[in-house]
Structures are given as C-alpha cells and as structure tokens.
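Novice: If you scroll down you'll find the structure; I have some questions about it.
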Amino acid sequence: MGLLELFVIAVGLSMDAFAVSICKGLSVRRVSLTHALTCGLWFGGFQALMPALGYFLGDRFSALLTKFGPWIAFVLLGLIGANMIRESREQDEENLSDSFSFGAMLPLAVATSIDALAVGVTFAFLQVSILPAVCFIGATTFILSCIGIRIGHVFGLKYKSRAELFGGAVLILMGTKILLEHLGVLG
C-alpha cells in the first residue's frame with residue numbers, strides 16, 4: 001500500500017472524528033487551543049489504537065484467510081463506507097454536550113474509531129507495515145479534529161454531513177480498488 005492510498009484511507013477514517021469535532025466546536029461558546037488539542041488527542045489516539053488492535057487480531061487469522069483478504073477488505077471497507085454515507089443522509093440533529101471530560105470524550109472516541117478496527121484487520125490481510133500506518137492515521141485524524149473544532153465554531157453544522165459522505169465514498173472506492181487489483185483488473 002502506497003503513501004497516497006494510506007493518506008486517502010486516513011482521511012476517510014478521520015471524517016467521523018472530523019464531523020464530531022465540528023459538533024463539539026458548535027457546543028462551546030468560546031473555542032480554545034485546549035479544546036482543539038483535547039479532541040485531536042482523543043480522536044487521533046483512538047484512530048491509531050484501533051487499527052493496531054484490528055491488525056493484531058487479523059494477523060492471528062491471516063494464514064487461514066490470506067486468499068480471501070482482498071474480498072474481506074472490499075466487504076469491510078464497503079460496509080463502513082456505506083454506513084458513513086447513510087449517516088450523512090440522516091437529518092436528526094446531534095446534540096453534543098459542551099464537556100471535554102473523560103466521560104464525554106471516551107465514548108465519542110470509541111464510536112468514531114470502530115471503523116478503524118475493521119481497517120486494521122484489512123491491513124493485516126494486506127500485510128501493511130502497521131506502525132507507520134497507524135501513526136499516519138492518528139496524526140491525520142489529530143490534525144483534522146483540531147481543524148474541525150474551529151470549523152464547527154465558525155461554520156456550524158453545514159459541513160458535517162458532507163464530511164461523512166466524503167469519508168464513506170473514499171472508503172468504498174478504496175475497497176473497490178483493492179478488490180480490482182486482486183482480480184487483476186487494475187495493474
């Protein structure tokens with residue numbers, strides 16, 4: 001997997017955290033650097049942790065499932081992407097508290113990184129070098145989450161659904177690319 005592909009996956013995975021960061025930016029009267037760093041560390045940390053966990057789980061079973069890896073990647077990324085697109089179409093307003101405490105941030109960090117766990121399993125099947133990959137994903141999510149806080153404060157909910165739609169489409173396209181390469185359609 002090349003750097004460009006990893007970047008595209010990292011951006012796609014970070015869109016949930018970006019969208020939640022936008023909402024968190026909306027929830028506070030005055031945004032500070034501490035708010036941005038808190039979101040960045042929570043979301044970036046979990047976006048790095050979850051694919052590492054998924055990788056080690058997937059690595060345990062990779063010998064049995066090596067020939068099905070591209071199909072598994074296609075299905076997992078497709079399902080995750082379709083779910084993100086579905087969520088982008090929902091009209092219900094998310095009411096997030098203005099708290100940045102452990103109790104408020106932990107469930108958000110876990111919820112926004114579940115898809116990264118599945119991507120980590122996919123990385124194991126594709127034999128991706130996991131340490132640079134998770135560091136890159138975590139750093140990308142950190143940066144986008146920090147930016148999301150500010151955007152949320154300035155622009156509001158206008159871009160939340162677009163971010164989720166974009167992230168979902170990116171993951172579906174990456175899954176399709178992996179499958180087409182496995183089938184020999186793409187060189």
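The values are calculated or read from the model by the stated rules, or taken from the named source; none is laboratory data. Owing to the predicted nature of the structure, the values given are computational and were not obtained by experimental measurement. In this analysis, Cβ positions are derived from the backbone assuming ideal geometry, glycine residues included, and neighbour counts consider all displayed protein chains. To get the accessible areas, we keep the full protein, side chains included, count just its heavy atoms, and leave off ligands, DNA and RNA. Shrake-Rupley method; radii C 1.70, N 1.55, O 1.52, S 1.80 Å.
Novice: Let me have the relative contact order for the chain, percent, based on Cα pairs under 8 Å that are six or more residues apart.
Specialist: Reported relative contact order: 51 percent.
Novice: Take the solvent-accessible surface of the protein heavy atoms, probe 1.4 Å, and return the percent of it on the chain that carbon and sulfur atoms account for.
Specialist: 68 percent
Novice: Further question: In square angstrom, what is the accessible area per residue of segment 1-51 with a 1.4 angstrom probe?
Specialist: Per-residue value: 41 Å².
Novice: Could you work out the percent of alpha carbon pairs in the chain separated by over 20 Å, rounded to a whole number?
Specialist: Value for the chain: 51 percent of Cα pairs lie more than 20 Å apart.
Novice: Testing the spin-label approximation: label points 7 Å from Cα along Cα→Cβ at residue 30 and residue 186. State their distance in nm.
Specialist: The modelled label-to-label distance comes out at 4.8 nm.
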